[in-house]
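Visitor: For reference, the structure I am asking about is given below.
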Amino acid sequence: MSKPPYHDNKNESNSANSNVHDIQKNDQNDNHFNHYSPDKWLLDNPHDLISLKKWQRTVNLLAKLFDAPAGFLVQYTPDGFQVTIASEQEENPYSAGAIIEPDANIFCRRIVETEQSLYVRNAPVEPCWDTNPEVHNDGFVSYLGVPVFWPNSQPFGTFCVMDYRETDYDETYFELINQLKDILESDLHLLEMYEQVQKLATTDPLTEINNRRGFTALTKQRIRLARRMKTSLGLFYLDIDQFKVINDEHGHVTGDKVLKVVADALRNSIRNSDVIGRIGGDEFLALVTISNEGDEEKILQRFTQSLSQLQDTARLPGFTVSAGYAAVDIEMSIEDIIEIADRAMLAKKKR
């Protein structure tokens with residue numbers, strides 16, 4: 001099997017996937033709602049709800065029923081096509097983890113582009129497949145594939161079977177591959193439903209940032225990553241001054257707007273990799289990466305400037321926010337770190 005445009009070394013692929021899966025598995029011990037992304041390889045971002053063993057059995061069954069040497073579930077992302085599952089016959093040249101470049105003239109690319117099923121009985125006699133490496137490098141002659149979709153109707157990839165000989169499948173085979181495809185898509189629908197439920201469970205509905213549960217879980221991940229990467233973290237604890245007075249004098253609608261503005265100011269002040277959350281009525285946390293001395297002061301300045309601008313735009317009554325800061329000791333519990341930052345915030349309030 002040719003290497004370009006394929007990247008497929010079984011030993012290297014299996015080892016790399018094993019390392020990634022070990023890291024992911026460790027993360028899942030503390031975070032039971034790891035999020036999927038259609039732009040990331042599912043193999044590199046495994047989810048508890050997706051049984052790769054069940055998918056493997058489905059792909060094996062496909063190849064067996066078609067009496068074919070190779071069956072696949074292939075995922076598409078902007079980075080190309082990755083074999084998520086490969087049937088387990090010795091004559092199958094591709095293993096799970098193999099990546100095909102996005103501009104390669106392969107059968108799966110045609111399906112993703114057209115979002116239509118594709119049946120090629122005898123590829124070598126069709127000029128459009130003259131540059132298809134699956135045909136001219138690996139010897140495949142026949143291909144039958146169907147599109148697999150994410151719940152939002154975007155292509156996940158393809159479910160397909162390939163043969164080294166010319167085939168003549170009748171309608172029963174088309175019905176069969178579509179029935180098996182439905183099993184895979186049902187798992188993807190279940191994954192989306194789970195994600196929606198988890199979002200409700202981990203997101204503050206008013207400000208649309210993390211609630212306490214979401215903040216705690218993501219913070220555990222960031223601390224674990226900081227330990228591996230030897231990076232420094234800091235924690236801000238923010239509290240809106242006289243928030244009860246704002247509600248009493250201006251009403252709860254205005255109070256809700258104040259909370260939203262504080263959350264937006266936090267978003268505007270941190271990196272995408274940082275973590276923010278609303279953990280109480282008017283209390284917010286921000287876990288940030290500290291790369292250089294004085295970074296915490298710059299973050300606080302950005303927050304103060306953004307908050308002032310948003311207050312003016314929303315025409316809110318004047319209010320202030322007290323912020324405490326603590327350098328994160330990654331050997332301490334999250335609760336203890338939060339308590340230190342809370343004390344720093346209370347000390348500022350008393351000044």
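The values are calculated or read from the model by the stated rules, or taken from the named source; none is laboratory data. Given the structure is predicted, the values throughout are model-derived calculations rather than measurements. Quick reminder, even Gly has a Cβ in these numbers, built from the backbone with ideal geometry, and neighbours come from all protein chains shown. Areas reflect the complete protein model, heavy atoms only, side chains present, ligands, DNA and RNA absent. Shrake-Rupley method; radii C 1.70, N 1.55, O 1.52, S 1.80 Å.
Visitor: If you scan the stretch 58-90, which residues turn out to be modelled with pLDDT of 95 or more and among the charged types (D, E, K, R)?
Guide: Answer for the stretch 58-90, where residues must be modelled with pLDDT of 95 or more and among the charged types (D, E, K, R): Lys64, Asp67, Glu88.
Visitor: I'm trying to understand the selection: among the residues of the stretch 158-184, which are open to solvent by 30 Å² or more (accessible area, probe 1.4 Å) and part of a helix (DSSP H, G or I)?
Guide: Glu171, Thr172, Tyr173, Phe174, Glu175, Leu176, Asn178, Gln179, Asp182, Ile183
Visitor: Would you pick out the residues in the stretch 308-331 that are part of a strand (DSSP E or B) and open to solvent by less than 50 Å² (accessible area, probe 1.4 Å)?
Guide: Correct list: Val321, Ser322, Ala323, Gly324, Ala326.
Visitor: Further, regarding this structure: Which one of these does Tyr119 not meet: (1) open to solvent by 20 Å² or more (accessible area, probe 1.4 Å); (2) within 25 Å of Glu171 (Cβ to Cβ); (3) part of a loop (DSSP other than H, G, I, E, B)?
Guide: Just one mismatch for Tyr119, condition (3).
Visitor: When only residues in the stretch 69-91 that are assigned to a loop (DSSP other than H, G, I, E, B) and within 21 Å of Val112 (Cβ to Cβ) count, which is most open to solvent (accessible area, probe 1.4 Å)?
Guide: Asp79
Visitor: Now for a different question. If only one of Val261, Val253, Val245 is surrounded by 17 or more Cβ atoms within 10 Å (Cβ to Cβ) and either assigned to a helix (DSSP H, G or I) or of a type in the set (A, V, I, L, M) (or both), which one is it?
Guide: Val261 is the lone residue from the list that is surrounded by 17 or more Cβ atoms within 10 Å (Cβ to Cβ) and either assigned to a helix (DSSP H, G or I) or of a type in the set (A, V, I, L, M) (or both).
Visitor: Now a separate question. Can you find a residue in the stretch 287-307 that is open to solvent by 30 Å² or more (accessible area, probe 1.4 Å) and closer than 18 Å to Arg212 by Cα?
Guide: no
Visitor: Six or more apart or on different chains, Cβ under 6 Å: which pairs go from a residue in the stretch 87-106 that's in contact (Cβ under 8 Å) with a residue 12 or more places away in the chain to one that's surrounded by fewer than 15 Cβ atoms within 10 Å (Cβ to Cβ) and of a type outside the set (Ser, Thr, Tyr)? Could you list them?
Guide: Pro93/Met1; Ser95/Lys10
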